[in-house]
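What follows is calculated from the coordinates using simple rules that are stated; it is not laboratory data. Model, not experiment: these values are computed from the prediction. Cβ sites come from the backbone with ideal geometry, for glycine too, and all protein chains shown count toward neighbours.
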Amino acid sequence: MVTQDLKKFETPVFPFTAIVGQEEMKLALQLNVIDPKIGGVMIMGDRGTGKSTTIRAIADLLPEITIVKDDPFNSHPTDLDLMGNDVKQSIINGEKLQNDFIKIPMIDLPLGATEDRVCGTIDIEKALTEGIKAFEPGLLAKANRGLLYVDEVNLLDDHLVDILLDSAASGWNTVEREGISIRHPARFVLVGSGNPEEGELRPQLLDRFGMHAEIRTVKDPILRVKVVEERTSFDQNPNLWIENYAEEQSKLRDNIVNAQNLLADVTIGYELRVKISEVCSKLDVDGLRGDIVTNRAAKAYAAYNGRQEVTVNDIAKIITLCLRHRLRKDPLETIDSGSKVDKVFKEIFELD
């Protein structure tokens with residue numbers, strides 16, 4: 001009986017709609033949840049500005065997902081791109097699979113994690129002696145169809161960052177040991193955070209993140225008091241606090257789900273696409289990732305607002321988040337706050 005009660009107990013999560021300020025970070029997270037193909041978000045800012053709280057809050061806000069019961073990869077029951085090989089094989093064999101509902105996975109990647117811990121390992125001995133592909137899933141398997149959060153990503157080994165970014169971009173993780181290869185789905189929203197004082201990521205790695213949000217410590221004393229009061233009230237009576245925000249949480253959840261469903265129907269006019277590429281060209285953005293991400297993010301923002309056609313205002317809202325981290329050519333340079341992107345955007349789009 002005690003064990004069942006413990007299973008029911010869940011640590012209360014601070015409501016996403018109760019978070020004061022930090023609009024850039026909140027917007028970037030919402031857009032990546034609507035369209036994970038944007039490519040994740042890098043959040044840089046001061047210590048103690050609620051980065052971890054906000055990321056846990058967005059994961060808690062989202063509706064539950066359907067998975068194949070007891071599957072280590074959170075496989076989707078019908079979508080082939082989101083299921084592991086064992087589930088595919090079971091479906092081919094005509095086996096009846098049980099479904100289950102879980103909260104969106106939110107996986108924290110510890111700073112000292114090894115490659116085996118992240119990617120998973122293959123039991124070579126079992127493979128050689130018994131001929132079985134014995135795979136021990138890693139954090140990428142657990143993060144499938146969810147969020148993977150890396151705090152202090154700028155202190156993580158570049159090789160591991162590369163693996164994370166490759167998996168996030170391709171949606172698959174491949175583990176190879178001694179000629180044995182295992183591949184499984186790894187579709188997740190990669191969220192990295194860090195403090196600029198501890199160093200930036202290399203420009204090549206930074207460019208792989210879809211969006212870059214900056215957060216600063218709130219300076220306004222009245223707003224600071226409000227943040228402290230809200231947090232204190234939540235800590236004293238979390239269940240009541242969650243209840244107070246239930247309606248707002250439900251409304252935002254519906255907005256995100258509706259946007260996910262609408263996204264495929266959203267279009268962006270040819271002229272606007274040309275102007276986005278003009279902005280990227282004038283800013284000397286390397287490659288075409290900036291163009292692609294800006295187009296995707298603008299569509300996601302239009303969908304979030306319930307529209308099927310992207311407007312100039314949609315682009316204005318997201319273009320800085322998509323391009324500011326792609327301007328740095330020298331690793332010793334600091335990232336532009338957004339003024340350069342904003343200036344060129346207004347010139348090209350002929351805005352005041």
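A few comments on the model shown:
- Within the chain, the longest segment free of exposed loop sites, counting GluC sites (Glu not before Pro) that fall outside DSSP classes H, G, I, E and B and have at most 15 other Cβ atoms within 10 Å, spans 179-332.
- Relative contact order %, the chain, counting alpha carbon pairs below 8 Å whose residues are six or more apart: 21 percent
- Cα centroid separation, the stretch 292-324 to the stretch 210-231: 24 Å.
- For the stretch 263-348, with +1 on Lys and Arg beta carbons and -1 on Asp and Glu, the positive-most of V274, L321, L288 along the dipole: L321
- DSSP beta bridge pairing in the chain, given as percent antiparallel to the nearest 5: 40 percent
- Given (1) 169; (2) 131; (3) 180, the label whose value is volume of the Cα convex hull per residue in Å³ derived from this model: (3)
- With a cut-off of 14 Å between beta carbons, the residues surrounding N237 carry a summed charge of -3, where Lys and Arg count +1 and Asp and Glu -1.
- Summarising the amide proton neighbourhood of K69: residues at separation of 5 or more, or on other chains, whose placed amide H is nearer than 5 Å comprise Q98, N99, D100.
- Of the trypsin sites (Lys or Arg not before Pro) in the stretch 93-201, those whose Cβ has at most 11 other Cβ within 10 Å and which sit in DSSP loop: K96
- Cα long-axis angle, helix 289-304 against the chain (0 to 90 degrees, to the nearest 10): 90 degrees
- Set K51/K219; K51/K299; K103/K275 screened for pairs whose C-alpha atoms are more than 28 Å apart: K103/K275
- Relative to the longest principal axis of the Cα atoms of the chain, the long axis of helix 339-348 makes an angle of roughly 70 degrees.
- Around the Cα centre of the stretch 263-348, unit charges on the Cβ atoms of Lys, Arg, Asp and Glu (plus for the first two, minus for the last two) sum to a dipole of about 120 debye.
- Dipole magnitude for the chain: about 560 debye, using +1 per Lys or Arg Cβ and -1 per Asp or Glu Cβ, origin at the Cα centre.
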